[in-house]
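**Student:** My questions all concern the structure below.
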Amino acid sequence: MTGIDWVKYLATPTGIVTTLDPSGYQLMKGSDYGASVVPAFGQSWPAVRGQPEGVQILFSAGYANAAGVPEPIKAWIKLRVGALFENREAWTFGQKIETNDRIDCLLDRYRTWMT
């Protein structure tokens, strides 16, 4: 995660979608679980309605430049693009393309699951 664009929540008890002031939170990039959004010093989280999508966060993620992309990710991209290029006619006509899904393990160590 490289930055937070906004944090929105459903306010209690009204249910009105409210955008949290950016001065009220900060991004911690180096936690055990990847990045975390935490209240800024002296701040606390507002009361949020307990329902699905009660809190929504729009964030930016990725690498700052191509030099920062790890080699296994670059290798995965080359393999996938090569497979698509080899089967470009099938792709155009909507046929099923056989892919080698085993190469996806190249990405495993870079995946972060969010719930």
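The values are calculated or read from the model by the stated rules, or taken from the named source; none is laboratory data. What you see is a predicted model; the values in this text were computed from it and never measured. Here Cβ is always computed from backbone atoms with ideal geometry, including for glycine, and neighbour counts include all displayed protein chains.
**Student:** Do we have GLY62 as part of a loop (DSSP other than H, G, I, E, B), more than 30 Å from TYR9 (Cβ to Cβ), of a type in the set (Gly, Ala, Ser) and at pLDDT below 90 here?
**Tutor:** When the stated conditions are applied, GLY62 does not pass them.
**Student:** From the set of residues in the stretch 49-81 that are of a type in the set (A, V, I, L, M, F, W, C) and touching a residue at least 60 places away in the same chain (Cβ under 8 Å), which is surrounded by the most Cβ atoms within 10 Å (Cβ to Cβ)?
**Tutor:** Going through the qualifying residues, I end up with ALA61.
**Student:** I'm checking my understanding of the structure. Among residues of the stretch 20-44 that are at pLDDT 95 or above and in a loop (DSSP other than H, G, I, E, B), which one is nearest to TYR9 (Cα to Cα)?
**Tutor:** That would be LEU20.
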